[in-house]
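Chemist: Starting off with a structure, shown below.
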Amino acid sequence: MISSTRAEIITIGDEILFGQIIDTNTQWIGTQLTDIGIRPTRKTSVGDNKQDILSAFTEASQRASVIIVTGGLGPTRDDITKHTFCEYFGTELEINQDALALVTSFFAKRGRVMTELNIQQAALPKNCTYIPNLWGTAPGMWFEKDNVVYVSLPGVPYEMKNLMEHEILPRLKAKFSTTIIQHKSIRTIGIGESFLAEKIADWETALPEHIKLAYLPHFGQVRLRLTGTGTDQAMLDRDLQAQVSAVTPLIEEFIFGYDLDELETVVGSLLKENNATLGTAESCTGGYVASRITSVSGSSQYFEGSVVSYSNAVKMNVLGVKQETLLEFGAVSEQTAREMAEGARKVLNTTFAIATTGIAGPDGGTPDKPVGTVWIACATPNETFTQLLSLRNDRKINIELTSSYALNLLRKTILKSNLIVQG
C-alpha cells in the first residue's frame, strides 16, 4: 500500500473543552490536508495548561510528520501557546520586527492605539519561521525539529483559514512529496449499517488494497465512503468509479445520491427536472421539512409553502381533515396523514405534498402509540403513499429522522410516478 504523510491536529483552549464553542477548525483543516495528500490521523483538544500542551506536542511528534496547532495566540494571560513552544524548543521570545510592523499597520489603518499587549503579539520564539497574518494580529509560526513540522495558527476561523490557504498549504506541498488521497461517497437511506454491511460483504472483501471503505451512519442514513490512495489522479478516479459501479446494483434501492448530495438537493433537482411543485403539511416536525427544502438555493422554483397543522383544529379547518377521521383513528394515524397530504396538495395547489404526524416525545405516548410513532404521507395527482415509522424516545432525533424519511418518500414517489419517463 502507498504510504502518505501523516498529520495530527491539536486545538488549544479551555473554551473548546468546556463546550462553550464548537471546534469547526479541525474538520476544515482535515479536509484541506487530505486534498493535498496529507493524511490526518488524529486530533487532540487540550486546555490552557502548559504541561498538557507539552505532552500533546511530544506524543504527536512520535506519530506524525506534520502537527497543526490552533488557538492560544491571543494577547491575554490565558493564551500560552507561544510560551509553551519556547519551553518545548528550549528558546525564548523576541520581538519580530516584520511582525511588529504588520501589527502596527493593522492598528493604524483602523485608527486605534496599540497597547503593550498588542505589541507583544509580535513577540515570537526565536527559532520559528514567521508567517505573516494579513487578516489579524496573531502571526502564524512554522517550526521544524527532527523531521517534524509544527505549524501554529490563530484559533479564529477566518484568520486560520486564510493563513492555511495562502501560506501553510503551499509550504507543505513544497516540502512533502505527497500522495493523492481521493474520496468517493455513496449516500444511502432506509437500511441499517449492519444490514448494509451484509449485503456488500463480498464486494468489500474484494476491494483492492489501495481503496478503503468506511461506514458513516447519521440520522437514518449511512454514507459509504471510499478512500483511494495513489499517485495517478486519473487512474484513481477510474478505480473508485469502478468500485461504485460494482456495488450499486447490490444496494440500488437504498441509494439516494453520491458525494455531497443531500436529500433536499436531490428532491429539489427531481422537482425542477419535471416542472413539478411541492407543499408540506407538518404536525410533529413543526416546519422542519419545509426548512430543509428551503435551505436549498433556488427552491422557490418548486416549493409553494407549508401548513404547520400542530392542532386538530388547523388540520380540519385548513387542510380539510375530517373530524370523524380524527375521532375514529386519532391525529397520529395513516388516515390522518393521508388526508393531511391530500389537503395540502389541494390548498397549496401543488403537484406533490408530503405530510408528517406523530409523537415526537418525550411524552405523549400511549401503549398503542408509543413515543416515536410517526406516520408520513406523500400525495400525488393520482394516488397517496404512506409509511409508518417506529422511531426513538428522543424528540430532536425523531424530528430529524422524520424529515429525512419524508423527503425520501417524496423522492421515491417522484421516481415511480408517471411524471418521469425512465430511460
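The values are calculated or read from the model by the stated rules, or taken from the named source; none is laboratory data. Keep in mind the model is a prediction, meaning the values are calculated, not measured. FYI the Cβ positions are ideal-geometry reconstructions off the backbone, even for glycines, and counts take in every protein chain you see. These area figures cover heavy atoms from the full protein model, side chains too; ligands, DNA and RNA do not enter into them. Shrake-Rupley method; radii C 1.70, N 1.55, O 1.52, S 1.80 Å.
Chemist: Using a 1.4 Å probe and ignoring any ligands, DNA or RNA, find the accessible area of His83 and quote it in Å² to the nearest 10.
Modeler: Counting only protein heavy atoms, the figure is 100 Å².
Chemist: Apply the Karplus parameterisation 6.51 cos²θ - 1.76 cosθ + 1.60, with θ equal to phi minus 60°, to every residue of the range 226-241 and state each ³J(HN,Hα) to the nearest whole Hz, in sequence, with x for glycine and proline.
Modeler: 8, 10, x, 10, x, 10, 10, 4, 5, 5, 5, 4, 5, 5, 5, 5
Chemist: Okay, next question. Among Leu172, Leu153, Leu327, which one moves the most in a GNM of the chain with springs linking Cα atoms closer than 10 Å?
Modeler: Largest GNM mean-square fluctuation: Leu327.
Chemist: Which value, in Å³ per residue, describes the convex hull spanned by the Cα atoms of the range 148-247?
Modeler: Working: hull volume 15.5 nm³, N = 100.
Cα convex hull per residue, to the nearest whole number: 155 Å³.
Chemist: Continuing with the same structure: Round to a whole angstrom and tell me the spacing of the C-alpha centers of the range 165-180 and the range 75-110.
Modeler: 25
Chemist: Applying 1/(1 + (r/R0)^6) with R0 = 25 Å to the Cβ-Cβ distance of Ala246 and Thr31, what FRET efficiency is obtained, to the nearest 0.05? Let's see the in-between values first.
Modeler: Values: r = 27 Å, r/R0 = 1.07.
After rounding to 0.05, the efficiency reads 0.40.
Chemist: Right, another one. Once the whole set of protein chains is in place, how much accessible area is left on Tyr288, using a 1.4 Å probe, in Å² to the nearest 10?
Modeler: Near enough 70 Å² of accessible area.
Chemist: Just grab the label-to-label distance for Thr115 and Asp232, each label 7 Å out from Cα along the Cβ direction, in nm (one decimal).
Modeler: Between Thr115 and Asp232, the label points sit 6.1 nm apart.
Chemist: Another one. Leaving out ligands and nucleic acids, and using a 1.4 Å probe, what accessible area per residue does the range 1-86 come to in Å²?
Modeler: Result: 47 Å² of accessible area for each residue.
Chemist: Mind checking which lysines have their C-alpha under 17 Å from Lys416, skipping anything on the same chain fewer than 8 residues away?
Modeler: Within reach: Lys272.
Chemist: What share of the DSSP beta bridges in the chain is antiparallel, in percent to the nearest 5?
Modeler: The antiparallel proportion sits near 60 percent.
Chemist: Got a sec? What order do Val222, Val314 fall in by accessible area at 1.4 Å, biggest, i.e. largest, first?
Modeler: Val314, Val222
Chemist: By how many degrees, 0 to 90 and rounded to 10, does the Cα axis of helix 25-35 deviate from the longest principal axis of the chain?
Modeler: Helix 25-35 sits roughly 90 degrees off the main axis of the chain.
Chemist: Report the full-extension gain for the segment Ser300 to Leu327: residue separation times 0.36 nm, less the Cα-Cα distance, to one decimal in nm. Don't jump to the answer; show the numbers that get you there.
Modeler: Details: separation 27, 0.36 × 27 = 9.72 nm, distance 3.64 nm.
Stretched out fully, the Ser300 to Leu327 stretch lengthens by 6.1 nm.
Chemist: What does the C-alpha gyration tensor say about the overall shape of the range 274-329? Classify as rounded when a/c is under 1.5, otherwise prolate if a/b is larger than b/c, or oblate.
Modeler: On the way: a/c = 3.41, a/b = 2.17, b/c = 1.57.
Prolate shape, in that a/c is at least 1.5 and a/b is the bigger ratio.
Chemist: Same structure again: Using alpha carbons only, how many angstrom separate the centre of the range 194-231 from the centre of the range 113-140?
Modeler: Answer, in whole Å: 45.
Chemist: Measuring from label point to label point, each 7 Å out along Cα→Cβ, what is the Arg171 to Asn382 span in nm?
Modeler: For the pair Arg171/Asn382, the computed spacing is 6.4 nm.
Chemist: Further question: How much length is gained if the chain between Asn317 and Asn393 is pulled fully straight, taking 0.36 nm per residue apart and subtracting their Cα-Cα distance, in nm to one decimal?
Modeler: Gain in length upon complete extension: 24.3 nm.
Chemist: Continuing with the same structure: Within the range 114-172, list the trypsin sites (Lys or Arg not before Pro) lying in a DSSP loop whose Cβ has at most 13 other Cβ atoms in a 10 Å radius.
Modeler: Lys126
Chemist: Could you give the angle, 0 to 90 degrees to the nearest 10, between helix 395-416's Cα long axis and the longest principal axis of the Cα atoms of the chain?
Modeler: 60
Chemist: If the label point is 7 Å along Cα→Cβ of Glu144, which residues in the range 95-127 have backbone nitrogen under 16 Å from it?
Modeler: Taking a point 7 Å out along Cα→Cβ of Glu144, the residues of the range 95-127 whose backbone N falls under 16 Å are 127.
Chemist: Another question, if that's okay. Return the FRET efficiency for the residue pair Trp135, Glu15: r is the Cβ-Cβ distance, R0 is 25 Å, and the value is rounded to the nearest 0.05. Could you put the intermediate results ahead of the total?
Modeler: On the way: r = 21 Å, r/R0 = 0.83.
With a Förster radius of 25 Å, E is 0.75.
Chemist: Near Lys145, which aspartates and glutamates are there with a Cα under 17 Å away, not counting those fewer than 8 places off in the same chain?
Modeler: Glu8, Glu59, Glu87, Glu92
Chemist: Rolling a 1.4 Å sphere over the protein heavy atoms, what is the accessible area per residue of the range 228-364, to the nearest Å²?
Modeler: Heavy-atom SASA per residue in the range 228-364 reads 46 Å².
Chemist: About the Cα centre of the chain, what is the dipole size in debye to 20, counting +1 per Lys and Arg Cβ and -1 per Asp and Glu Cβ, all else neutral?
Modeler: For the chain, the charge dipole is close to 500 debye.
Chemist: What does the extension gain come out to for Tyr258 and Glu193, with contour length at 0.36 nm per residue minus their alpha carbon separation? Before the final figure, lay out the partial values.
Modeler: Details: separation 65, 0.36 × 65 = 23.40 nm, distance 1.69 nm.
Separation in residues times 0.36 nm, less the Cα-Cα distance, equals 21.7 nm.
Chemist: Need one number: nm distance between label points at Arg63 and Trp203, each 7 Å from Cα along Cα→Cβ, rounded to one decimal.
Modeler: 3.2
Chemist: Please go through the range 203-276 and write out the GluC sites (Glu not before Pro) that DSSP classes as loop and that have at most 12 other C-beta atoms within 10 Å.
Modeler: Qualifying residues, ordered by number: Glu209.
Chemist: Under the rule of -39500 (n - 2.57) per DSSP H run of 4 or more residues, summed and divided by the residues of the chain, what mean residue ellipticity at 222 nm is obtained, to the nearest 500 deg cm²/dmol?
Modeler: Taking each H run of at least 4 residues, the total per residue is -11500 deg cm²/dmol.
Chemist: In addition: List, largest first, the extents of the alpha carbons of the range 1-84 along their principal axes, each in whole Å.
Modeler: 46, 25, 20
Chemist: Going down the table (Lys82/Lys184; Lys346/Lys412; Lys161/Lys199; Lys82/Lys212; Lys315/Lys412), which pairs top 32 Å between alpha carbons?
Modeler: Exceeds cut-off: Lys82/Lys184; Lys161/Lys199; Lys82/Lys212.
Chemist: Counting only protein heavy atoms and using a 1.4 Å probe, what share of the accessible area of the range 214-269 belongs to carbon plus sulfur, as a whole percent?
Modeler: Using a 1.4 Å probe with all protein chains present, the range 214-269 comes out at 55 percent carbon and sulfur.
Chemist: Determine how large the accessible area of Arg6 is when every protein chain is in place; take a 1.4 Å probe and give Å² rounded to the nearest 10.
Modeler: Probe radius 1.4 Å; accessible area of Arg6 about 110 Å².
Chemist: How much accessible area per residue does the range 91-137 have, counting only protein heavy atoms and a probe of 1.4 Å, in square angstrom?
Modeler: Accessible area per residue: 57 Å².
Chemist: I've got another one for you. Consider all pairwise Cα distances in the chain and report the whole-number % of them above 42 Å.
Modeler: Above the 42 Å cut-off, the chain has 36 percent of its Cα pairs.
Chemist: Given a Förster distance of 45 Å, report the FRET efficiency between Leu216 and Gln51 from their Cβ-Cβ distance, rounded to the nearest 0.05. Write down the numbers at each step before the final one.
Modeler: Numbers: r = 35 Å, r/R0 = 0.78.
With a Förster radius of 45 Å, E is 0.80.
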